[in-house]
Structure formats: structure tokens, C-alpha cells
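Reading through the C-alpha cells given below for one structure.
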Amino acid sequence: MQLGYMALRNTITINGAAVIALLTFIGNRSEGKAKVELVSALQYYGLGVVMGVVAIAIGYFAQNALLDHMKGIRTRRMGDVIANISIFIAFGSYACFILGSFCATQSFK
């Protein structure tokens, strides 16, 4: 359970740090104008942060559903389905980081 929470937290950390680093880089450029690839990278990183937050929120509901299962209120299947949705969104957040990094590296060519 703890590893899953750390993985979800890391989605926000890596994408958020990438946004900060990229904004700093763009702000320090002498031209002052960002390339299209850098703007795309920022959008991917921002989407990754949002997806990370959504995955954590859905993970919270999954945990509540699994606790309800332990109390006999719900079936375990509901908690498993919600947890799988959270995992899918977390993988999407990591994919956004990869795509954002690809876009950022393309701007240097």
C-alpha cells in the first residue's frame, strides 16, 4: 500500500519538477520566446501533474471501498475496479512525463 502511494506521489513530483525546470529554462533564454516543442512539453508535464492528482483522489476512494469491504458493506470487486482505474491514470501520468521529455529534447535539434 505504501509503495503504491509513493508511486502516485512521484507522478506529481517528477512532472511538477519538470514544469518548474522548463519554465526556468524558458525564462532565462535570451530570445524570450519559447519554441513550439517546449510549449508542448509544458502541456504534457502539466497534464501529468493533473493526472497524478486525480489518480491520488481515485486511490483514496479505492482505499475507502476496500475498507468498506472489510466491514462487509461492499464487495471487494468495487475497490479493485476503482484501484485499477487509479493505476491506469498513474501510468498515463508517467506517459505524459515521457512525452514531455521527448518534446523538450526535440526543441534542441
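Worth a mention:
- List Val53, Val36, Val19, ordered by accessible area with a 1.4 Å probe, largest first: Val36, Val53, Val19
- If R0 is taken as 41 Å, the Cβ-Cβ distance between Asn28 and Asn84 corresponds to a FRET efficiency of 0.45.
- Entry note, the chain: the mean residue ellipticity at 222 nm calculated from DSSP H runs of n ≥ 4, each adding -39500 (n - 2.57), is -31500 deg cm²/dmol after division by the residues and rounding to the nearest 500.
- Residue-level accessible surface for Thr13, protein heavy atoms, 1.4 Å, Å²: 80 Å²
- Estimated from the Cβ-Cβ distance and a Förster radius of 41 angstrom, the FRET efficiency linking Gln2 and Lys35 is about 0.55.
- Computed magnitude of the charge dipole of the chain (debye, nearest 20; Cβ of K, R +1, Cβ of D, E -1): 80 debye
- Whole-percent carbon and sulfur share, accessible surface of the chain, 1.4 Å: 69 percent
- Accessible area per residue for the chain, computed on protein heavy atoms with a 1.4 Å probe, is 65 Å².
- The residues Thr105, Thr11, sorted by heavy-atom accessible surface at 1.4 Å with ligands and nucleic acids left out, run Thr105, Thr11 from largest to smallest.
- Each Lys or Arg adds one and each Asp or Glu takes one away; over the other residues whose Cβ falls under 11 Å from the Cβ of Ser107, this sums to +2.
- Folded to 0 to 90 degrees: helix 2-28 orientation relative to the chain principal axis, Cα: 20 degrees
- Length gained on full extension, Asn64 to Lys109: 11.4 nm, using 0.36 nm per residue less the C-alpha separation.
The values are calculated or read from the model by the stated rules, or taken from the named source; none is laboratory data. Computed from a predicted model, the values in this text were never measured in an experiment. So basically every Cβ, Gly included, is an ideal-geometry build from the backbone, and we count neighbours across all protein chains shown. Surface areas here come from the heavy atoms of the whole protein model, side chains and all, with no ligands, DNA or RNA. Shrake-Rupley method; radii C 1.70, N 1.55, O 1.52, S 1.80 Å.
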